[in-house]
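Notes for the one structure printed next.
The values are calculated or read from the model by the stated rules, or taken from the named source; none is laboratory data. Not measured: the values here are computed from a predicted model. Cβ atoms come from the backbone with ideal geometry, glycine included; neighbour counts cover every protein chain shown. The accessibility values were calculated without ligands, DNA or RNA, using every heavy atom of the protein model including side chains. Shrake-Rupley method; radii C 1.70, N 1.55, O 1.52, S 1.80 Å.
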Amino acid sequence: MDTYKRLFPNLETGNCYISNLIIDKEYQMILHLGKSLKGMKPPLATLKNVNGKKTDLIYALGGKLIVSDKLKLFLEESKDASYFEFIEIQFENAKMNPYYMLNILELVDAFDWEKSIYELFDELGPKGNKVIRNLIKMEIDTSKTNHRILFNLLHFEGQNIVTINLYHQMVRSGITGLLIDPLVGHK
């Protein structure tokens, strides 16, 4: 059984990073919904520390995963390739090798409501759904992941979930800029 972690870009002193990412307004409403962004204008990015180290997963404010050609090719060869969509980034202030905004398709409804520990708001959300006020411990229901190796959860915008096995494969392949953290409430 795979262990799940949260995946983030690792921003270290000396690394190049994106300080501003402008997304096509027509697509902003569906940006974190796991839907296709085909037809979207390329995002426009502003780089900071332009002469710094360029990693394969580059930090960008706003939580989107921005990947290099190397990481794009790695993901395109993975078993989850059909769930990934890549939109090339345009840089307004620097010449860069291609980077892509990774759009993970089809949100996964694998939050384990029975085993997780949380507090809810008294009122339901706008779609009649439960709304978590305080998440103390997050558990993933592995029977609902469809064996996905990198996914976003339905009820948690910006939570990029990765299997520990995929993370180790990326590290062994020389992918840089990766940071994983335990799920909320885990060590």
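State the extension gain, in nm to one decimal, for the chain segment bounded by residue 187 and residue 73, taking 0.36 nm per residue of separation less the distance between their alpha-carbons.
Once the chain is fully extended between residue 187 and residue 73, it gains 37.9 nm.
Give me the number: length gained by fully extending residue 11 to residue 134, i.e. 0.36 nm times residue separation minus the C-alpha to C-alpha distance, one decimal in nm.
Going from the current span to full extension adds 41.6 nm.
Report the charge-dipole magnitude of the chain in Debye, nearest 20, computed about the Cα centre from +1 at each Lys and Arg Cβ and -1 at each Asp and Glu Cβ.
420 debye
Over segment 1-55, with every protein chain in place, what whole percent of the accessible area is carbon and sulfur at 1.4 Å, could you tell me?
In segment 1-55, the share of accessible area belonging to carbon and sulfur is 51 percent.
Scan the chain and hand back the longest stretch that contains none of the chymotrypsin sites (Phe, Trp or Tyr not before Pro) lying in DSSP loops with at most 14 other Cβ atoms within 10 Å.
The reported range is 1-112.
Tell me which residues come under 5 Å, amide H to amide H, from residue 53 once H is placed; ignore anything under 5 positions away on its chain.
The answer is 15, 16.
What is the percent carbon and sulfur in the accessible area of segment 110-187, measuring with a 1.4 Å probe over the protein chains and ignoring ligands?
In segment 110-187, the share of accessible area belonging to carbon and sulfur is 48 percent.
When a/c is below 1.5 the answer is rounded, else prolate if a/b is larger than b/c, else oblate, so apply that to segment 47-187 with a ≥ b ≥ c taken from the square roots of the Cα gyration tensor eigenvalues.
Note, shape of segment 47-187 comes out prolate.
Considering only DSSP states other than H, G, I, E and B, which trypsin sites (Lys or Arg not before Pro) in segment 1-102 qualify as loop sites with at most 13 other Cβ atoms within 10 Å?
Sites meeting the loop and neighbour criteria: 38, 79, 95.
Ignoring ligands, DNA and RNA, what accessible area per residue does segment 37-187 give at 1.4 Å, in Å²?
For segment 37-187, the per-residue accessible area is 54 Å².
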